[in-house]
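Taking it in order: structure first as structure tokens, then the write-up.
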Amino acid sequence: MHVSVAAETLFKIGSFPITNSLLTTIIVTLLLILLAVVVNKNVSKIPSRLQSMMEIMIGALLGLTEDVAGKEFGRKIFPLLATFFIFIIFANWSGLIPGVGSIGFYETKEEAVVLEETNSVYAETHSNTEASDSESDILVTETAESHDSESEIFKPLFRGPTADLNTTLALALISVFMIQFYGFKTLGLKYLKKFFNFRNPINGFIGILELLSEFSRIISFAFRLFGNIFAGEVLLTVIAYLIPFIAPLPFIGLEIFVGFIQALVFMMLSLVFISMATISEH
């Protein structure tokens, strides 16, 4: 059973490491681009099943965005939010594909295991006026020699992109940056009054809390998505290791649902925060 919080490095291009999660991210991105090209190229008045599925998904996301942000502004931010949802849901589900996390190779690595060297000195001197003077020093030294051992480390070729904190942190930074971008684009410098309002002590204190909340959103976005997806993959790994055949099936269904919910939550929070950022301060 192999569980690693950090993504494993497969190889390097120069000094840039290519991890298994980055490799999966590239594959997912290329497949989504290919899907978009194929569907767009074969658009017809009588839609195929693939075109119908894409139209239903895009129509549902567009309707949801317009309901929250309004029709005009909702269409402006829709490409960003739809990209969030589509990429995240396929990235979440990619970790459930058979072979992701289980196909890889073993790397032999020599490790120097140095046992802790313990030195303790205990000195005790007894002096007794009724007996002869005596002194005793006790020195206890325990040493352990280091030795080399060989261990095999399993490195999976593929790993779910959102099971890597680097990916979710990048998505969080993009989302929070775009929240500030649309806030300044819509309100201009008046957007700063949300954070720096010193007309009275209460407004000043609330502004500081609002400023801290903007930074806390980065942590919230990144760790919520990473924690749910990584925990799900660990759960499936443990269940499959203990009972390989029938037992993982209900949990796979649960993780499909969780992957959908987490993509929707990320999109909805970004949508709500962007909409709130465009509302002038009162």
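Does any residue of segment 65-72 turn out to be closer than 24 Å to Ala277 by Cα and part of a loop (DSSP other than H, G, I, E, B)? Steps first, please.
Initial filter on segment 65-72 (closer than 24 Å to Ala277 by Cα): 65-72.
Then keep just the ones that are part of a loop (DSSP other than H, G, I, E, B); that gives 70.
Yes, segment 65-72 contains at least one residue that is closer than 24 Å to Ala277 by Cα and part of a loop (DSSP other than H, G, I, E, B).
Looking only at residues in segment 1-52 that are among the small types (Gly, Ala, Ser) and out of contact with any Lys or Arg (no Cβ under 8 Å at 6 or more places or on another chain), the one that is surrounded by the most Cβ atoms within 10 Å (Cβ to Cβ) is Ser4.
Across segment 7-59, the number of residues qualifying as touching a residue at least 12 places away in the same chain (Cβ under 8 Å) and in a loop (DSSP other than H, G, I, E, B) comes to 2.
In segment 230-246, is there at least one residue being assigned to a helix (DSSP H, G or I), under 26 Å from Met276 (Cα atoms), among the small types (Gly, Ala, Ser) and touching a residue at least 12 places away in the same chain (Cβ under 8 Å)? There is no residue in segment 230-246 that is assigned to a helix (DSSP H, G or I), under 26 Å from Met276 (Cα atoms), among the small types (Gly, Ala, Ser) and touching a residue at least 12 places away in the same chain (Cβ under 8 Å). Among the residues making up segment 247-282, those that are within 20 Å of the chain's Cα centre (by Cα) and either polar (S, T, N, Q) or assigned to a loop (DSSP other than H, G, I, E, B) (or both) are Gln262, Ser270.
Coordinate-derived values only; no laboratory data. As the structure is a computational prediction, the values presented were derived from the model and not from experiment. When we count neighbours, we look across all protein chains shown, and the Cβ atoms used for this are built from the backbone with ideal geometry, even at glycine.
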